[in-house]
Amino acid sequence: MSKRLAILEKEKVYDRAKRYSIAEAAATVKKTATAKFDETIELHVKLGVDAKQSDQNVRGTVVLPHGTGQTKRVAVVAKGEKIKEAEAAGADWAGDADVIDKISKGWLEFDVLVATPDAMKDLSKLGKVLGPKGLMPNPKAGTVTFEIGQAVKELKAGRIEFKLDPTAITHVVVGKASFTPEKISDNVKAFLHALQLAKPAAAKGHYMQSVTMSSTMGPGIKLDPSQKFDL
């Protein structure tokens, strides 16, 4: 046990044996975020699915009501009027062949890349560059769409993507330590609601097996996975 964790437990700020409600966890995670910077709050959910089976894959997007506290740099590859639509919606960069050429030369100064379907043929040539970094647009992530303006606005407002790692765990950012407990709770509820809606028909038994909240430098706070999270 780390010295910091021992102090937190001794001061009864945190109880690693307890299963917290969402509201309790949101209040506690703020108390355990004692670093000198604004720590990121993350949620880690272990699902009762076989991540290797395609019919049990879990992936989706959700707009967090209070955003993540992080500013996403959004680049767009589109054609014609869709470029203007992206710019009007707040895209940091928008273009067609010019953006593709820039990326091909090593430029990756963006967090999310969005593309219209008619631009994917040319953009797919950069699969070896974008794929390994998780930057290739994907319809399931809502980043391949003709509704380019809406996509950009949602990404800027705090839309996040969730998907499983090989061990059937999904990891997402749900805010910052500077958020109020209420805002953290709202974001967590919105994410868990979306995760529940994404439950595959092939999933058997307990779907949400464990839910853990933590700040960048803080301990894992275990939530009760059976609690309700109505919006």
| field | Residue in region 120-137 that is without any contact (Cβ under 8 Å) to a residue 60 or more places away in the chain, farther than 30 Å from residue 56 by Cα and in contact with a strand residue (DSSP E or B) (Cβ under 9 Å, 6 or more places away or on another chain) present | value | yes
| field | Counted residues, region 192-226 - those being touching a Ser or Thr at 6+ places or on another chain (Cβ under 9 Å) and open to solvent by less than 40 Å² (accessible area, probe 1.4 Å) | value | 11
| query | Is there a residue being touching a Leu at 6+ places or on another chain (Cβ under 9 Å), under 28 Å from residue 216 (Cα atoms) and of a type in the set (Asp, Glu) anywhere in region 149-158? | reply | no
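Suppose the filter is more than 21 Å from the chain's Cα centre (by Cα), more than 23 Å from residue 164 (Cα to Cα), not in a loop (DSSP other than H, G, I, E, B) and not aromatic (Phe, Trp, Tyr); does residue 18 pass it?
Values: more than 21 Å from the chain's Cα centre (by Cα): yes; more than 23 Å from residue 164 (Cα to Cα): yes; not in a loop (DSSP other than H, G, I, E, B): no; not aromatic (Phe, Trp, Tyr): yes.
Considered against the rule, which asks whether it is more than 21 Å from the chain's Cα centre (by Cα), more than 23 Å from residue 164 (Cα to Cα), not in a loop (DSSP other than H, G, I, E, B) and not aromatic (Phe, Trp, Tyr), residue 18 comes out as no.
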| Identity of the residue in region 31-59, modelled with pLDDT of 95 or more and farther than 27 Å from residue 197 by Cα, that ends up surrounded by the fewest Cβ atoms within 10 Å (Cβ to Cβ) | 37
| said: Would you confirm, using the coordinates I've provided, whether residue 115 is touching a Pro at 6+ places or on another chain (Cβ under 6 Å) and not β-branched (Val, Ile, Thr)? | reply: yes
| In region 125-181, the residues that are of a type in the set (Gly, Ala, Ser), in contact with a Gly (Cβ under 8 Å, 6 or more places away or on another chain) and either surrounded by fewer than 20 Cβ atoms within 10 Å (Cβ to Cβ) or in a strand (DSSP E or B) (or both) | 157, 168, 175, 178
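The values are calculated or read from the model by the stated rules, or taken from the named source; none is laboratory data. As the structure is a computational prediction, the values presented were derived from the model and not from experiment. So basically every Cβ, Gly included, is an ideal-geometry build from the backbone, and we count neighbours across all protein chains shown. Remember, those area values only see protein heavy atoms, side chains included, never the ligands or the DNA or RNA. Shrake-Rupley method; radii C 1.70, N 1.55, O 1.52, S 1.80 Å.
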